[in-house]
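The structure under discussion appears below in the form of structure tokens.
The values are calculated or read from the model by the stated rules, or taken from the named source; none is laboratory data. Nothing here was measured: the structure is a model prediction, and the numbers come from that model. No Cβ is skipped: glycine too gets one built from the backbone with ideal geometry, and neighbour counts run over all protein chains shown.
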């Protein structure tokens, strides 16, 4: 899983920060806080990367210091009406990007209308697309 993302990170390592993966115990704790069991994609992302930051894009997760940005942002937006099956994976201020833990679809969430616009059906591809687009703008 995440082979293409690994290649991209390695090729662009001078511009990308990966905080490092977290343990099963830490992931279980995050799941308890959100009262759901993560799909394999999220578990593997947290194991391998923790958080990825590059070219002005941050894919939320949990850093080595135990700071669970993924949980904090999800809890924050649940209070504003985000459904429980969604996990916030990116907050770019005007846009909130969510991973649907039931079907793996990534969508942007409109806080006002409480609607979702599908962005991708593949977590790795979503991350790559965001990073490549940001890199193109960066260069």
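In table form, for the structure just shown:
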read-out: Meets criteria (in contact with a strand residue (DSSP E or B) (Cβ under 6 Å, 6 or more places away or on another chain), outside any helix (DSSP H, G or I) and surrounded by fewer than 14 Cβ atoms within 10 Å (Cβ to Cβ)) for residue 118; value: yes
read-out: Filtered residue count, segment 67-84, keeping only those that are closer than 21 Å to residue 40 by Cβ and out of contact with any strand residue (DSSP E or B) (no Cβ under 6 Å at 6 or more places or on another chain); value: 6
read-out: Every residue from segment 1-44 that is within 19 Å of residue 122 (Cβ to Cβ) and touching a helix residue (DSSP H, G or I) at 6+ places or on another chain (Cβ under 7 Å); value: 1, 2, 4, 5, 8, 38, 41, 43
read-out: Residue check for residue 8: in a helix (DSSP H, G or I) and touching a residue at least 60 places away in the same chain (Cβ under 8 Å); value: yes
read-out: Residues satisfying the stated conditions in segment 88-103, i.e. part of a loop (DSSP other than H, G, I, E, B) and buried (at least 16 other Cβ atoms within 10 Å of the Cβ); value: 101
read-out: Long-range neighbours under 7 Å by Cβ, at least six apart or interchain, first residue at negative phi and assigned to a helix (DSSP H, G or I) within segment 16-39, second at pLDDT below 95 and surrounded by 17 or more Cβ atoms within 10 Å (Cβ to Cβ); value: 30/68
read-out: Segment 87-108, residues that are more than 14 Å from the chain's Cα centre (by Cα) and at pLDDT 95 or above; value: 102, 103
read-out: Condition met for residue 83 (at pLDDT 95 or above and closer than 23 Å to residue 118 by Cβ); value: yes
read-out: Positions within segment 50-62 being farther than 20 Å from residue 78 by Cα, in contact with a helix residue (DSSP H, G or I) (Cβ under 8 Å, 6 or more places away or on another chain) and either in a loop (DSSP other than H, G, I, E, B) or without any contact (Cβ under 8 Å) to a residue 24 or more places away in the chain (or both), in sequence order; value: 51, 55, 56
